[in-house]
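A.B. asks: My structure is below; once you've seen it, I'll send some questions.
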Amino acid sequence: MDAPTHARLGRSSGLRGLAAPVMVRGDLDAIPEIQAAKEVVLVLQDVTLSANGQPVEPNLMQQMAGREGALIGASGSANPTISIQKDGWVRLRLVNASCSRFYRLQLEEHDLYQISSDGGSLPAPIELSELLLVPGQRVDVMIQGSRPPESYRLVNLPYSRGAMGMGGGMGMMGGMGGVIGSNSAPSTIATFVYAGQANPAVPLPPKLVPVQPLPLPSQTRSFVLGQSMGSGMMGGGMSFAINGRTFDPGRIDTQVRLGDAEEWEFINPMGMDHPMHIHTNPFQVVQSDGSLEAAWRDVVLVPGGGRVRVRTAFQDFTGKLVYHCHILDHEDLGMMGVLAIGA
Ligand SMILES: [Cu+2]
């Protein structure tokens, strides 16, 4: 999808519920225990509606924070019921299609076993007691009906996305309780209800699909996230920027060569979190010890006051694409750049 359409979907169609997942099948789906699980897709979206049922447009402050809707829908339903067999497995496929909201998900009395990230399978399941899902992120988790056969809520817990302004702590909204997102109460996303019995109970496979580490980078680049007093297409006023520049579809910000691997460091001196997304080529996160995380991602949370380094390789596609903050209000305010991959 090209950049202007992407932005427009965030503003209008997506918020009005027009979003759907695209399923790509691969080696993970061929593993018998995964294939045998009940597959449930939840596309998470939130919206604030007016008295006559129309989406409410945010003001500038809400856009800068990243709007969060008062209503949360899971594939278009409020608190849908998901049946799970005693001892059976559900493969829960989660998509955060919300404009700005982060989901911190927990299933009462059940662990989650993450088996995939944005770009495909993990090499082995990872046991989690809760899962943070930032805008744009996709994760599959396996859940076993291992508890007494009752009902259990999939809850969304409060999460602070930091504060307005630079450098964390008290920003420009500090005196107004400017911490973003943390004042939302826990809510129920869906309810798991036990029904029937799986026969026989099977364990998860200890190995899934290997993730090969990307080759060493030939180049390292820095991307500093910030604000600027905008000009150009944003028409002045406060805008968001990468390396001091707001988005301009007619400008190439980053030129790379097909076949190269690179490391990109996202540096976030702002008080608020930014989930950064690169189109087309997935990446692997460089961990604090310098090793690569064994996971394919295309969205990574860059916390307020923090920095994250990712390695990517431009292996197959030439042409222009974008990278941007996946809080769509931030992208619309200019936090997006153009990458050109040349032959
Ligand atoms: Cu952002």
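Just so you know, all these numbers are worked out from the coordinates, no wet-lab data involved. Please read these numbers as outputs of a predicted model, since none were measured by experiment. Here Cβ is always computed from backbone atoms with ideal geometry, including for glycine, and neighbour counts include all displayed protein chains.
A.B. asks: Just to confirm my numbers, what's the Cα centroid distance between the stretch 14-92 and the stretch 130-154 in Å?
C.D. replies: Centre-to-centre (Cα) distance: 12 Å.
A.B. asks: State, as an integer percentage, the relative contact order of the stretch 219-342 based on alpha-carbon contacts under 8 Å between residues 6 or more apart.
C.D. replies: Value for the stretch 219-342: 33 percent.
A.B. asks: Taking every eigenvalue of the Cα gyration tensor of the chain, multiplying by 5 and rooting it, what semi-axes result, largest first, whole Å?
C.D. replies: Ellipsoid semi-axes (Å, largest first): 33, 26, 17.
A.B. asks: Mean separation of Cα pairs under 8 Å and 6+ residues apart, divided by the residue count of the chain: what relative contact order is that in percent?
C.D. replies: Once divided by the residue count of the chain, the mean separation gives 18 percent.
A.B. asks: Here is a further query. Suppose a student asked you for the relative contact order of the stretch 11-197, using Cα pairs under 8 Å spaced at least 6 residues apart; what percent would you report?
C.D. replies: It comes to 23 percent, rounded to a whole number.
A.B. asks: Which order do SER129, SER121, SER187 fall in if you start with the one that has the fewest other Cβ atoms within 10 Å?
C.D. replies: With the sparsest Cβ surroundings first, the list reads SER129, SER187, SER121.
A.B. asks: Next up: By DSSP, what percent of the beta bridges with both residues in the chain are antiparallel, rounded to the nearest 5?
C.D. replies: 75
A.B. asks: In deg cm²/dmol and to the nearest 500, what is the mean residue ellipticity at 222 nm of the chain if only DSSP H runs of at least 4 residues count, each as -39500 (n - 2.57), divided by the residue total?
C.D. replies: Taken over the chain, the calculation gives -1500 deg cm²/dmol.
A.B. asks: Pull up all non-local amide H partners of LEU258: gap of 5 or more, or a different chain, and H-to-H distance under 5 Å with H placed in the peptide plane.
C.D. replies: GLY342, ALA343
A.B. asks: Working from the alpha-carbon coordinates of the stretch 187-343, get Rg over Rh, Rh being the Kirkwood radius.
C.D. replies: The Rg/Rh ratio comes out at 1.09.
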